[in-house]
1. With the structure loaded, tell me whether E82 is more than 23 Å from G156 (Cβ to Cβ), without any contact (Cβ under 8 Å) to a residue 12 or more places away in the chain and part of a loop (DSSP other than H, G, I, E, B) or whether it fails that test.
2. Of the residues L68, L72, which is crowded, with 17+ Cβ neighbours inside 10 Å, of a type outside the set (S, T, Y), out of contact with any strand residue (DSSP E or B) (no Cβ under 9 Å at 6 or more places or on another chain) and closer than 22 Å to E20 by Cα?
3. Checking R92 against (1) open to solvent by 10 Å² or more (accessible area, probe 1.4 Å); (2) in a helix (DSSP H, G or I); (3) more than 19 Å from G26 (Cα to Cα), which test does it fail?
4. Can we say L59 is touching a residue at least 24 places away in the same chain (Cβ under 8 Å) and not hydroxyl-bearing (S, T, Y)?
5. List every residue pair whose Cβ atoms lie under 7 Å apart, where the two residues are 6 or more positions apart in sequence or sit on different chains, the first residue falls within segment 105-127 and is over 20 Å from G93 (Cβ atoms) and of a type outside the set (F, W, Y), and the second residue, located anywhere, is part of a helix (DSSP H, G or I) and open to solvent by less than 50 Å² (accessible area, probe 1.4 Å).
6. With the checklist (1) farther than 23 Å from L181 by Cα; (2) crowded, with 18+ Cβ neighbours inside 10 Å in hand, flag the one item V86 doesn't pass.
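The values are calculated or read from the model by the stated rules, or taken from the named source; none is laboratory data. Fair warning: this is a prediction, and the values are worked out from it, not measured in the lab. No Cβ is skipped: glycine too gets one built from the backbone with ideal geometry, and neighbour counts run over all protein chains shown. The accessibility values were calculated without ligands, DNA or RNA, using every heavy atom of the protein model including side chains. Shrake-Rupley method; radii C 1.70, N 1.55, O 1.52, S 1.80 Å.
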Amino acid sequence: MVLVIAVVGMPGSGKGELSELVKEAGIPVFSMGDMIRAEVEARGLEGDPHVFGRVAQELRDEFGYGVLASRLAPHINSALAENQLVLIEGMRGGDEKDVFLEYWPNSFKVVAVNVDADIRFNRMSARGRAEDGDRNALARRDERELNWGVGELIAGADWSLDNSGDLETFKNLSEQWLNSLFPSH
């Protein structure tokens, strides 16, 4: 049985931490955020919170809200030829989910990473990514991603992982979740 799991969560919730754990287990991970970062670089733009959001919205406006999923799905299919589990980091909306369900109607699931905004902001401030910005930038980013549908994805997730504690606690919780899927990973 193959399984494709998309990780959803608000910016700074810990999607990347979960993805790193999954990568360390030898499971392929595809990042939708990396696709936006690559697009910003390909356009020769300077990365800041407004640029990343603007480019993501421009892609969606020009090609539809499922554009990133449509571009990513063939790569995931290739990875599934040799792996029974593939993780997608950073699904943002229902249109993306619909694309993935077209490809894997019986094998697609969603895991949400949850944590409140204050903790997310503090963690994002520490990681130093160009797209993060200040507290107002986070509020705008949250609003944009909620408009894309991430809130509905979080609410309807098949699994939910709480990331309110320290990193070690989250890693342990994530490892337990991964073991519940594939005990022999």
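1. Working: more than 23 Å from G156 (Cβ to Cβ): yes; without any contact (Cβ under 8 Å) to a residue 12 or more places away in the chain: yes; part of a loop (DSSP other than H, G, I, E, B): yes.
Answer is yes for this residue.
2. Values: L72 fails: out of contact with any strand residue (DSSP E or B) (no Cβ under 9 Å at 6 or more places or on another chain).
From the options L68, L72, the qualifying one is L68.
3. The single condition R92 does not satisfy is (2).
4. Numbers: touching a residue at least 24 places away in the same chain (Cβ under 8 Å): no; not hydroxyl-bearing (S, T, Y): yes.
So L59 fails the test.
5. M124/L138
6. Failing condition for V86: (1).
Every residue, every condition in (1) touching a strand residue (DSSP E or B) at 6+ places or on another chain (Cβ under 7 Å); (2) open to solvent by 30 Å² or more (accessible area, probe 1.4 Å), yes or no:
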residue: D98; (1), (2): no, yes
residue: E102; (1), (2): no, yes
residue: F108; (1), (2): yes, no
residue: N114; (1), (2): yes, yes
residue: I119; (1), (2): no, yes
residue: N122; (1), (2): no, yes
residue: R127; (1), (2): no, yes
residue: R140; (1), (2): no, yes
residue: A157; (1), (2): yes, no
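One line per residue, one yes/no per condition, for (1) farther than 26 Å from V110 by Cβ; (2) part of a helix (DSSP H, G or I):
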| residue | (1), (2) |
| --- | --- |
| K23 | no, yes |
| D34 | no, yes |
| E39 | no, yes |
| G44 | yes, no |
| H50 | yes, yes |
| R54 | yes, yes |
| Q57 | no, yes |
| L68 | no, yes |
